[in-house]
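Accompanying notes for the structure given below.
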Amino acid sequence: MSSDTIVALSSGALPSAIAILRLSGPHAAAAVSRLTDLPEPRLAAFAILRDPDDGSTLDEAMVLRFVAPASATGEDVVELHVHGSRAVVDRLLTLLTRHDDVRLAEPGEFTRRALSNGKMDLIGAEALSDLLAAETEPQRRVALGQMRGGLSAALATFREDLANASAAAEAAIDYVGDDEETDRGEELRDDIARLRARIDELLELPDRRLLQDGIRTVLAGPVNAGKSSLFNNLVGFSRAITSEEEGTTRDTIEVPIRLRDTAFLLVDTAGQRSGAGAIEQEGIERSAKEVAQADLLLWLGDPEKKPAGENVILVDAKSDIGGHGQGISVSARTGDGIENLIDAMIAKASTMLPPPDGMVVNQRQRQLLNEISGVMVPVDDPVIAAESLRCALGLLDRLTGVSTLDDVLDRIFGRFCLGK
C-alpha cells in the first residue's frame, strides 16, 4: 500500500454540472477533514466546504468516504462531488495539495494502485483502458466482459491446474529410478499436453486490435479504378483527392470509420501501373505492403487479377459507366449500391470479431501466451517437465500482472487519464 496520498479530477472536462475530485491514500480523510466534517464510511453526505484560511465557503458538496481495503483502490478513498467550475476545482486542488501529504495523481495512478492492492489484475486494467476508449457497442460489451473477469477467470483456473501439475512434477523428481517412474512420466507428459492445448485455444481468440482499432480495410487496384472516390463515399467526406489524371493518389491515406457500429480503419492506396515516376513508384510499393497487411481487401481491379484469400471483396466501382460487371456493383461517383458493399464488409467483419460477450487478446497477451505454449513441451522426464512448468508459471504471472516489469506498467497506465 502506498505511503503517499494522491488527488485528481476524476470527472470530465470543465466547466460541467458536477465535478468529482478523488483522493486515495493514507491521508485522504485527514486532507478532506481540513475542509469539512467527514461522513461515516460508505455513506454519501451533504457538506459545506470551507477555506481553512478564513472559514469562507468554497462550495456545497456531496462527500463520500471509503475505508481501506473496501474501496476501488484498496486504500482510503474520499470523493468530493462539487459544482463543475474551474475556479472551484482549482481552489480545492490548491488547498488539498499544499500540504506535503497530498500530491496530484499521475495518469492511471488510481488504477495502478488498484492493481498493486489486488483489486484487479493487469488484464482487467487493460480492459478498463479499452472500455474508456470504447466508441461502439461491440467494443463496450467485450471490454466490460473482459474487465469483469472473462479472460482473467479462464487464466485463474488454468493457473491452478498449472500449479498442481508443477507440484506433481517436482514430487516426481524424488521418485526417479523407482518402479513407478514410467507411469508418472506418462502422466506428466499427458498433463502438459492438455494444459498446452488450453493455451493454444486462447491463442485462437480474436485480436483486440481488430475490435478496438478497427478492421484494416484496404482499397486496392489499378489507377483510375475509382478507389479514392469510393474511399470518400465510405468516409462520408472528401478526404482523398480524385481526378481523371492517372496516378493522383501517391501515398496511403488512413481514416477510422464506423459502419453500423463496427469499427474499420479505411486505407486508400496508390493505383498500380507500370511506367510510374519515382515518387509514384514509392506509393505503389507502399500499396503492395498495405495489401499484404490488410485484414480486409476491397479489390477494384481486373477480376482475373484479384488477390487470393477469404477476406477479399471484388468491387465494380464504375458500374454506372460500364465497369467490369463482376462482384459488388457500386457507383463510386454517386454512391449507388454502397449499402450492398457495406453489407458485404459487415459480413466479413463478423467472421473476424468476437461475439458480443466473447473474449479477445491484445498484442502483449498474445506474445506471452505464445511463450507459455512454447515452453510447455510434453516430456516424460520429471526434471525437464518441472523446469518447463516453472517457466510457464512465471510467464503466466507476467501475463496477469503478478510480476510485471515497471516499463510495461508505465506504458499501459500512461494511456489513462489523470482521474483513473
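The values are calculated or read from the model by the stated rules, or taken from the named source; none is laboratory data. As the structure is a computational prediction, the values presented were derived from the model and not from experiment. All Cβ positions, glycine included, derive from the backbone under ideal geometry; neighbour counts span all protein chains shown.
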Inset, instruction - State whether the residues of the range 282-295 include one that is at pLDDT 85 or above and out of contact with any strand residue (DSSP E or B) (no Cβ under 7 Å at 6 or more places or on another chain). - result: yes
Legend entry - Candidate set from the range 13-34 (those that are in a strand (DSSP E or B) and not small (Gly, Ala, Ser)); member that is surrounded by the most Cβ atoms within 10 Å (Cβ to Cβ): Leu23
Legend entry - Condition check for Ala125: in contact with a strand residue (DSSP E or B) (Cβ under 7 Å, 6 or more places away or on another chain) and small (Gly, Ala, Ser): no
Inset, instruction - Hey, could you check the range 132-158 for residues that are crowded, with 19+ Cβ neighbours inside 10 Å and in contact with a Leu (Cβ under 8 Å, 6 or more places away or on another chain) and say which is farthest from Val375 (Cα to Cα)? - result: Pro138
Legend entry - Residues being of a type in the set (A, V, I, L, M, F, W, C) and surrounded by fewer than 19 Cβ atoms within 10 Å (Cβ to Cβ) - total across the range 337-367: 6
